[in-house]
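Remarks on the structure that follows.
Just so you know, all these numbers are worked out from the coordinates, no wet-lab data involved. Every value quoted in this text rests on a predicted model; they were computed, and no experiment measured them. Note that each Cβ is placed from the backbone with ideal geometry, even for glycine, and that neighbours are counted across all protein chains shown.
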C-alpha cells in the first residue's frame, strides 16, 4: 500500500470515528427535542399574538357599531329638526363607521381562522413531543443495556466478532431523526449481543461441567 493510500485510509477512519462520536443517539435525540421545544415556544408566542389581535378587533367592532348607531340616531334627530345638512353629515359618519366595522369583522374572521389552524398544529406538535420524549427514554435505556453487554463481553476477554468492524454504525442509509438514532441503537444492541455470544463461546468449561462429564463417562464404562 502506497503512502497516499495509507493516508487516505487513515483519514477516512478518523472521519468515521469522529462522526460516530458526534452521532451519539442520546445527544442527538436530545437536540431534536430541544428543536421541537423551540418550535412549540415560537408557536405559543404566535398564538398569544393572534389572541391579542382578535381581542383588539372585537373591541373595535363593538366601538364602530356603537358609533354607527349613535350617528344614525343623530341623523334622525337632525331630520326631525329640519337640519338636512347636519343629517347628511351624520349619515356619512354612520357609513364610515359601518365600513370600518365590516373591515374589522373580516379581519377578525381571518385572525380566528389562522388561530384555529395554529392551535390544531400546536396540539399535534405537543403530542409528538410527548411521544418522542418517551421514545428517547426508551432509546437511552436500550443504549445503556447494549453498552453494559458489550463492556461485560470485553471484560471477559472476548474479541470483536469477525465481520463487525468498529465503524459498522456508520454504514447503510440511515433515516432521519429518531428513526435514524433508533437504527443506530439497534445496531449497538446487535453488536453487544454478538459480543456476548462470542464471550460465552470463548469461556472455558466450568469445573462442574467437567466433573459431570467425567462421572457420566465412568458410569458408561462401568455398565
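One chain, two ends: residue 63 and residue 44. Fully extended at 0.36 nm per residue, the span grows by 4.0 nm beyond their Cα-Cα distance.
If R0 equals 45 Å, the separation of the Cβ atoms of residue 118 and residue 70 corresponds to a calculated FRET efficiency of about 0.80. Across the stretch 17-135, Cα-Cα pairs farther apart than 20 Å form 64% of the total.
Extension gain for the segment residue 141 to residue 86, taken as residue separation times 0.36 nm less the Cα-Cα distance, is 11.7 nm to one decimal.
With N set to the number of residues, divide the alpha-carbon radius of gyration of the stretch 88-143 by 2.2 N^0.38 Å and report two decimals.
It is 2.37.
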